[in-house]
Amino acid sequence: MDLIIRRAMLPPRFARQTRHAVDIGIEAGRIVAVEARLAAVAREEIDAAGSLVTPPFVDPHFHMDATLSYGLPRVNASGTLLEGIALWGELKPQLTQEALIERALQYCDWAVARGLLAIRSHVDVCDPRLLAVEALVEVKRRVAPYLDLQLVAFPQDGVLRSPGAFENLKRAIALGVDVVGGIPHFERTMADGAQSVRMLCEYAAEQGLRVDMHCDESDDPLSRHIETLAAETLRLGLQGRVTGSHLTSMHSMDNYYVSKLLPLMRESGVSAIANPLINITLQGRSDTYPKRRGMTRVPEMMAAGINVAFGHDCVMDPWYSLGSGDMLEVAHMGLHVAQMTGVEGMHACFDAVTANGARILGLQDYGVAPGCAANLVLLDARDPVEAIRLRAARLAVISRGKVVSRAPAARAALSLEGRPAEVDFKLHRD
């Protein structure tokens, strides 16, 4: 074999009824064996020594075209969502493809060092030059050997509100963008928002594409475009291919309405993405006290059988000045905000940054079983709860069967200051 990981503990979701350490055999970029004691030899072996090995982290909601642009052309003084959108509008005329590509590749290095091997990034299509689209399509090509990057055509200024945005979206799809996006709550009226959902879902159905909409990212309990999105999903037969991101208005909705909404979402197969770090930062800004935190109803949706994942959303951009690409930090914040501190809840938050996001992206062969892609992360923790608690160091990151990042164990033991691991490759620089 090419690689064997010895004495690995698996997350409960992937453990297949066993709570004992296993050996994982890898050959030609695939997992070929998961056994208690693998009687085989390999060119390379890693002794996990009882530490946790998990499929990679997945970020199903990110904005790579804006990442690492903090301070350009100025800082978001108010810290609000609307000033962030206005600031992005100021920055767009100054963007160059070279700078976009360089920042995105730097972020991909950060991501891989933290075991984040699959990202869905929204990319603004309201600039008719499609500079950001062309840049991220190039980034997607360069990182393909080791990172799954899925792109969403995102009309940041509204597909109806921004002249030419729908045609730009179609052009972006033709250039290689994968998913149809939208932002119905940012259209000028509720009626326009509903119309945008219908037209975008119809286009996605015609093209056989997935849909991922920024939906109801608002403190307004009457922002109910998720209802339209779920209904259109059913009408057009898009079950399993549609996601509503943010859904923060659900935080403020009355319980009776939500009791009707959740079954509709479950029936439609719409997934949901909460972005804990950003939702609690941007929502409730106009409140005094009591102050709403804004994150959507994660435990309630999970209990209703809706697939819910966590996204990072932003890292050092016009909307958020912090972040590092660490999905365990996202899970840690989500766990606290959703008050999911029971054992099952904490494991569910780990799933929200791994398997649930993989389902949204439609990743094939994700998991820890023979036949799965050999994409794995060795964490300096014994189980998912400890991994979240410590934001555990990534002792090794394996992509396509190759070790692409390592953090020595002695250094990992002192990793609470959050220093990144060393990335052993620069494939995209070639």
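Values quoted throughout were computed directly from the atomic coordinates according to the rules given, and no laboratory measurement underlies them. Being a predicted model, the structure only gives us computed values, none of them experimental. When we count neighbours, we look across all protein chains shown, and the Cβ atoms used for this are built from the backbone with ideal geometry, even at glycine.
Some points to look at:
- Span from the the stretch 263-287 Cα centroid across to the the stretch 136-154 one, whole angstrom: 25
- Residues in the stretch 263-293 that a label on Asp192 would reach, taking backbone N under 19 Å of a point 7 Å out along Cα→Cβ: none
- Exposure proxy order (Cβ contacts within 10 Å, fewest to most) of His122, His20, His336: His20, His336, His122
- Counting only DSSP H runs of at least 4 residues, each contributing -39500 (n - 2.57), and dividing by the residue count of the chain, the helix-based mean residue ellipticity at 222 nm comes to -10500 deg cm²/dmol.
- Computed over the chain, the P(r) tail beyond 28 angstrom holds 46 percent of alpha carbon pairs.
- Residue with peak Gaussian network fluctuation, the chain [Cα springs, cutoff 10 Å], from Val397, Val75, Val270: Val75
- Around the Cα centre of the stretch 57-361, unit charges on the Cβ atoms of Lys, Arg, Asp and Glu (plus for the first two, minus for the last two) sum to a dipole of about 240 debye.
- In this Cβ point-charge picture (+1 for Lys and Arg, -1 for Asp and Glu), the stretch 1-147 has a dipole of about 520 debye about its Cα centre.
- The lysine pair count for the chain, using Cα distances under 24 Å and pairs eight or more places apart or on different chains, is 6.
- With θ taken as phi - 60° and the Karplus curve 6.51 cos²θ - 1.76 cosθ + 1.60 applied, the whole-hertz 3J(HN,Hα) list for the stretch 356-369 is 5, x, 4, 5, 5, 6, x, 5, 8, 6, 8, x, 10, 7 Hz, x standing for glycine and proline.
- Other-chain or far-sequence residues with amide H under 5 Å of Arg30's (modelled H): Ala374
- Residues Met295, Met333, sorted so that the one with the fewest Cβ neighbours within 10 Å comes first: Met333, Met295
- Residue among Val41, Leu136, Ile360 farthest towards the positive dipole end of the chain, charges placed on Cβ: Val41
- Residue exposure sequence - Lys260, Lys140, Lys92 - by fewest surrounding Cβ within 10 Å: Lys260, Lys92, Lys140
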